1. Hey, among the residues in the range 223-239 that are more than 16 Å from ligand 2 (Cβ to nearest atom) and polar (S, T, N, Q), which one's modelled with the lowest pLDDT?
2. Kindly check whether there is at least one residue in the range 33-41 that is assigned to a loop (DSSP other than H, G, I, E, B) and surrounded by 20 or more Cβ atoms within 10 Å (Cβ to Cβ).
3. I need the strands (runs of 3 or more DSSP E) fully contained in the range 265-357, keeping only those with at least 2 residues that are in contact (Cβ under 8 Å) with a residue 40 or more places away in the chain.
4. Which condition from (1) crowded, with 21+ Cβ neighbours inside 10 Å; (2) without any contact (Cβ under 8 Å) to a residue 60 or more places away in the chain is the one that Arg44 breaks?
5. Considering only residues of the range 166-212 that are more than 16 Å from ligand 1 (Cβ to nearest atom) and of a type in the set (Gly, Ala, Ser), which is nearest to Ile270 (Cα to Cα)?
6. From (1) more than 16 Å from ligand 1 (Cβ to nearest atom); (2) farther than 29 Å from Val141 by Cα, pick out the condition that doesn't hold for Met244.
7. Answer yes or no: is there a residue in the range 242-259 that is within 16 Å of ligand 2 (Cβ to nearest atom), over 20 Å from Asp273 (Cβ atoms) and in a helix (DSSP H, G or I).
8. If you take the residues in the range 121-165 that are assigned to a loop (DSSP other than H, G, I, E, B) and small (Gly, Ala, Ser), which one is farthest from ligand 1 (Cβ to nearest atom)?
Amino acid sequence: MKPRILVIDDEAAIRDSLKMILEYEDYDFVGAASGPEGVASVKRDSPDLVVLDIKMPGMNGLETLAEIRKVDEAIPVAMISGHGTITDAMQATRLGAFDFIEKPFTSERVLVTVAKGLEVRELRQENRELKLAMESRYEIVGNSPSLRRVMESIKKAAPTNATVLLLGESGVGKELIARTVHRNSPRAGQRFVQVNCAAIPEELIESELFGHEKGSFTGATEKQIGKFEQADRGTILLDEIGDMSPKTQAKVLRVLQEQEVERLGSARTIKVDVRVIAATNKNLEEAIERGEFREDLFFRLNVIPIVVPPLRDRREDIPRLVQHFAKRTTEEHNLKPKRFEPSAMDALSRYRWRGNIRELRNTVERLMIMTPADAVRAYQTRRRRSRLHLNQTDALSELNSCALRQQLRPDEAGQSTEKQHKCDVQRLHAVIPRSRFRSLPGMPRPVRNTPAATENAAGCRSIRNHPEGCRQDSGRDIAR
Ligand SMILES: Nc1ncnc2c1ncn2[C@@H]1O[C@H](COP(=O)(O)OP(=O)(O)OP(=O)(O)O)[C@@H](O)[C@H]1O
Ligand SMILES: [Mg+2]
């Protein structure tokens, strides 16, 4: 579509000459002879850019610009000034005009301004979309009583400088909550620095947290600013704090007490003003009892504890989360929107979600991308798992769970559980070499000469021959 340029000028000769210049360059021209006419055209024609004369009878250019801003605050506006003063120009800039075209003008000057304005518009639009995407990325979705309690704690903790300790299983949203605390705190304009204490090797963690001077140890070829210094006046998230070594715990405790750091290889202390948020999926009280975590550090961190409940304890949040992640995936991957049928939503709501919201997010993303139809149905929520990669221990536990299933659960697909068990045994036999399989204690012998066994053996041959090593029907329902 051609970019549409609205020219608001009371002089017909100016409008005509701009019409000629712009149409020659394949822009779509719209003209207006007065301020009110121009404002009406902004509402009606949604132009991409406005060229506006400052001096007009009745509503002048500045008043028109103010009215246009009420309709569309992002539209780029270039002013035409011939008789304009510096004061007019300054006021127009304050109202968001991005450029001036002096009368008399050349076509080159007009075209350069128009191209610049359209670029501004594109950047503003991109910016707005990015902001929206960021907002949705940081949105905490859910309305269950337990999540509402978490939200209450965030609301109370955020405006203060108090240390927050986030406790909860992997994937429940601890990092998201830490970011929300920071974004709603007076430090929101400063940095949010995250350190994953479990991911950094023991010998590097101190230099990562506190920094080092050049030459302070072998390999320290440059000076490095530590994370605490980087987070000065902002917030630091000490993630997986339960995995920190006792030596580092002692140093972190000192920083919390003194609010100062020392770079490795330097005796100089540096004052830092950092708000600390710590997170872990470990039970710190048990770690203290085992002597793995310092009690004094725990008390320092545990000023505002927030326990984030696992997803299985707030299942009522699942439908909203599914819709949220489905919408996000649609936008991020340019996909067609998809419905989740009630049976699919029900299956997702009943699943255990050991990986919590992260696992749910990944599952929804997979369903949105891989499901061909415009609705996701219950059977599509079944996760496929290749058994080709089972090792012997996995095989045993797999078999145990098959046996357990046989004893405990009726089979959802309507197949008898005994038959299902035989199918599972057959598949394991097909996947694991017979000699190794037999050597495992407690392994049943393969079922022979039954129709199910023959059918399965054929299926298993094709598992082995499948290029991706995995057949569509070799998995089990995740929604159990
Ligand atoms: N209530 C929620 N609403 C929307 N998205 C959420 C919610 N909780 C978590 N998420 C999303 O789930 C994913 C996992 O969350 P996050 O990384 O914060 O978990 P975590 O508790 O820090 O996990 P880990 O212990 O493994 O580090 C992220 O993509 C996050 O945005
Ligand atoms: Mg995390």
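1. For the range 223-239, the residue satisfying everything is Gln224.
2. No, that holds for no residue.
3. Details: elements: 269-271, 275-280, 304-307.
Filter on the range 265-357 gives 275-280, 304-307.
4. (1)
5. Top of the filtered list is Gly211.
6. Condition (1) is where Met244 drops out.
7. Residues of the range 242-259 that are within 16 Å of ligand 2 (Cβ to nearest atom), as a first pass: 242-244.
Adding the requirement that they be over 20 Å from Asp273 (Cβ atoms) leaves 242-244.
After this cut, where a residue has to be in a helix (DSSP H, G or I) as well, the list is 242-243.
Looking through the range 242-259, at least one residue is within 16 Å of ligand 2 (Cβ to nearest atom), over 20 Å from Asp273 (Cβ atoms) and in a helix (DSSP H, G or I).
8. Taking the candidates together, the pick is Ala162.
The values are calculated or read from the model by the stated rules, or taken from the named source; none is laboratory data. Owing to the predicted nature of the structure, the values given are computational and were not obtained by experimental measurement. Every residue, glycine among them, receives a Cβ derived from its backbone with ideal geometry; neighbour counts consider all protein chains shown.
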